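Student: The structure's right below; bear with me while I get my questions together.
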Amino acid sequence: MKKIVRISRVLCQILLVGALLIAYGCQKEVNRDKPIGKVSYNYFDTVSYVYDYTNDTEKEFEQFSNGVFDVLCYYHQLFDIYNDYSGINNLKTINDNAGIKPVEVDKDLIDFLVYCKQMYTLTSGKMNIMLGSVLRLWHNCRSEAAIDPANSKIPAENELLEANKHTSIDNLIIDEENRTVYISDKDSSIDVGAVGKGYATEKAAQYLIENEKYGYVLNIGGNIRTIGTKPNGDSWVTGIKNPNDPDGDFPIKISISNTSCVTSGVYERYYTVNGIRYHHIIDSDTLFPAEYFASLTILTSDSGLADSLSTALFCCDEQTGREILSKIDGVEAIWIYSDGKISYTENVEKLTVD
Ligand code: ADP
Ligand code: MG
């Protein structure tokens, strides 16, 4: 039930973005005036769309959209913390063996976890995949509230503090040479909700680029990645939602090509306790939902970086966020505050359209 509600919420969001992409997708010089699209509900507990704006035949589109879904499926299984898959050691296997033994994994999972550690350092720990023990407490309360809303509650403070003793990134021990991963504390666990979907989206984008398939748009649960431009050289336009009125007009529309657009926001996943909303992005300093902004959008080519930074910058004040961005080239950010105030980095203005 929870999954259906979440999927339908994401579907509405995607349809909005999709409608916008289509609306702005009228092309001058190619035969197709609307993209062909394909949808899957199978990956990352969300809805995934592939759009093709080129003159590919149906058969070609079938081949490359299936190729995209194969990539998503592969990473979905590797990053799953709830399910086992035969013949695969995934993140669940690593979590299950916390404090017990190192687990031998595929090089792709090693590369991803090394990347996550780099993102931890880059974001000064604001995006921490070892927050699993804390996130689980919030996740459990949210799940229980979905079943029994009248008795919804937030995690107890002592439970949060206890869980927080097990969130050190140093508990994740990666042996690149022997291709093993070990969680040294039995009460520690990995949760890659902040970065996994974006990382997999980028792998799917790279698959298209390797096959010279430009003119495609991926929308993986609202994580947008455009590959190249439209065939006539135009960019696409995507709307940034108003986090205080997600079904209302877009406060900003951005022209994008060869880039990703990823938003973390208070409206994406939340539950209510005594009339107060608690969303799903947790500030590691307070162990409570981050309260700095209503949404935070990142524009940069790499979807994994965009996903990591969207969560991280959502969890710190604007000044700290700008300091993090000063260490990286080619990243733009849009901060939307709960009072509606919008702030952005220097180049965003050039990308906005009326
Ligand atoms: P979404 O998954 O809705 O696109 P995010 O990319 O911001 O949004 O990821 C939110 C998810 O990341 C949460 O559901 C949780 O699993 C995880 N998470 C929440 N807070 C943090 C954090 N500070 N660091 C790392 N992971 C987090
Ligand atoms: Mg993220």
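Student: Looking at Val181 and the list (1) closer than 30 Å to Ile240 by Cβ; (2) more than 16 Å from ligand 1 (Cβ to nearest atom), which single condition is not satisfied?
Tutor: (1)
Student: Can you find a residue in segment 319-336 that is open to solvent by 60 Å² or more (accessible area, probe 1.4 Å), within 16 Å of ligand 1 (Cβ to nearest atom) and at negative phi?
Tutor: no
Student: Which number in (1) farther than 23 Å from Tyr53 by Cβ; (2) open to solvent by 20 Å² or more (accessible area, probe 1.4 Å); (3) more than 16 Å from ligand 1 (Cβ to nearest atom); (4) of a type outside the set (S, T, N, Q) marks the one condition that Tyr207 misses?
Tutor: Single failed check for Tyr207: (1).
Student: While we're looking at this one, here's another question. Would you mind stating whether Phe314 is within 12 Å of Ile334 (Cα to Cα) and either more than 12 Å from ligand 2 (Cβ to nearest atom) or among the basic types (Lys, Arg) (or both)?
Tutor: No: the conditions fail for Phe314.
Student: Further question: Modelled with pLDDT of 95 or more, more than 17 Å from Ser343 (Cα to Cα) and touching a Pro at 6+ places or on another chain (Cβ under 8 Å), is that true of Asp283?
Tutor: It is true that Asp283 is modelled with pLDDT of 95 or more, more than 17 Å from Ser343 (Cα to Cα) and touching a Pro at 6+ places or on another chain (Cβ under 8 Å).
Student: Now for a separate question. Return the residue satisfying two criteria in turn: it lies in segment 146-180 and is of a type in the set (S, T, N, Q), surrounded by 15 or more Cβ atoms within 10 Å (Cβ to Cβ) and within 20 Å of Asn90 (Cα to Cα), and of such residues it is nearest to the chain's Cα centre (by Cα).
Tutor: Filtering first and then ranking leaves Thr167.
Student: Going by what's in this entry, would Thr297 be described as at negative phi, under 19 Å from the mean Cα position of the chain (by Cα) and buried (at least 16 other Cβ atoms within 10 Å of the Cβ)?
Tutor: Yes: the conditions hold for Thr297.
For (1) of a type outside the set (A, V, I, L, M, F, W, C); (2) at pLDDT below 50, each residue gets a yes or a no:
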{"position": "Ala19", "(1), (2)": "no, yes"}
{"position": "Leu72", "(1), (2)": "no, no"}
{"position": "Phe79", "(1), (2)": "no, no"}
{"position": "Asp84", "(1), (2)": "yes, no"}
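Student: OK, next. If the requirement is being hydroxyl-bearing (Ser, Thr, Tyr), within 29 Å of Pro149 (Cα to Cα) and not in a loop (DSSP other than H, G, I, E, B), which of these qualifies: Thr311, Thr297?
Tutor: Selected residue: Thr311, the only one of Thr311, Thr297 that is hydroxyl-bearing (Ser, Thr, Tyr), within 29 Å of Pro149 (Cα to Cα) and not in a loop (DSSP other than H, G, I, E, B).
Student: Still on this structure, I have one more. If we keep just the residues of segment 196-225 that are acidic (Asp, Glu) and more than 16 Å from ligand 2 (Cβ to nearest atom), which is nearest to Gly132 (Cα to Cα)?
Tutor: Glu210
Student: Restricting the search to segment 243-264, which residues are in contact with a Phe, Trp or Tyr (Cβ under 7 Å, 6 or more places away or on another chain) and touching a residue at least 40 places away in the same chain (Cβ under 8 Å)?
Tutor: Residues satisfying the conditions are Pro243, Pro246, Ile256, Ser264.
Student: Any residue in segment 307-322 that's farther than 22 Å from Thr201 by Cα: show its pairings with residues that are within 10 Å of ligand 2 (Cβ to nearest atom) and modelled with pLDDT of 95 or more at Cβ separation under 7 Å, as long as the two are six or more apart or on different chains.
Tutor: Taking only residues 6 or more apart or on different chains, the pairs are Cys315/Ile281; Gly321/Leu313.
Student: Quick check on my filter: what residues within segment 241-284 are of a type in the set (D, E, K, R) and assigned to a loop (DSSP other than H, G, I, E, B)?
Tutor: Lys241, Asp245, Asp247, Asp249, Glu268, Arg269, Asp283 - these are the residues of segment 241-284 that are of a type in the set (D, E, K, R) and assigned to a loop (DSSP other than H, G, I, E, B).
Student: Further question on the same structure: Going through segment 84-133 one residue at a time, which ones are basic (Lys, Arg) and under 30 Å from Glu318 (Cα atoms)?
Tutor: Lys117, Lys126
Student: Another one. Might you check whether a residue that is within 16 Å of ligand 2 (Cβ to nearest atom), surrounded by fewer than 20 Cβ atoms within 10 Å (Cβ to Cβ) and within 30 Å of Ser152 (Cα to Cα) occurs anywhere in segment 248-257?
Tutor: no
Student: Take Val134 and tell me if it is out of contact with any Gly (no Cβ under 9 Å at 6 or more places or on another chain), within 18 Å of Ala200 (Cα to Cα), among the β-branched types (Val, Ile, Thr) and in a helix (DSSP H, G or I).
Tutor: Considered against the rule, which asks whether it is out of contact with any Gly (no Cβ under 9 Å at 6 or more places or on another chain), within 18 Å of Ala200 (Cα to Cα), among the β-branched types (Val, Ile, Thr) and in a helix (DSSP H, G or I), Val134 comes out as no.
Student: OK, next. Does Val262 satisfy the criteria of being within 10 Å of ligand 2 (Cβ to nearest atom) and buried (at least 19 other Cβ atoms within 10 Å of the Cβ)?
Tutor: Criteria met by Val262.
Student: Considering only segment 87-105, I want to know if a residue exists there that is touching a residue at least 60 places away in the same chain (Cβ under 8 Å), over 17 Å from Asp307 (Cα atoms), assigned to a loop (DSSP other than H, G, I, E, B) and of a type in the set (Lys, Arg).
Tutor: Within segment 87-105, one or more residues are touching a residue at least 60 places away in the same chain (Cβ under 8 Å), over 17 Å from Asp307 (Cα atoms), assigned to a loop (DSSP other than H, G, I, E, B) and of a type in the set (Lys, Arg).
Student: In segment 186-196, is there at least one residue being more than 16 Å from ligand 1 (Cβ to nearest atom), of a type outside the set (Phe, Trp, Tyr) and buried (at least 20 other Cβ atoms within 10 Å of the Cβ)?
Tutor: No, the conditions are met nowhere in segment 186-196.
The values are calculated or read from the model by the stated rules, or taken from the named source; none is laboratory data. Given the structure is predicted, the values throughout are model-derived calculations rather than measurements. Positions of Cβ are generated from backbone atoms using ideal geometry, with glycine treated the same way; all protein chains shown enter the neighbour counts. Quick note on the areas: whole protein, heavy atoms, side chains included, nothing else; ligands and nucleic acids left out. Shrake-Rupley method; radii C 1.70, N 1.55, O 1.52, S 1.80 Å.
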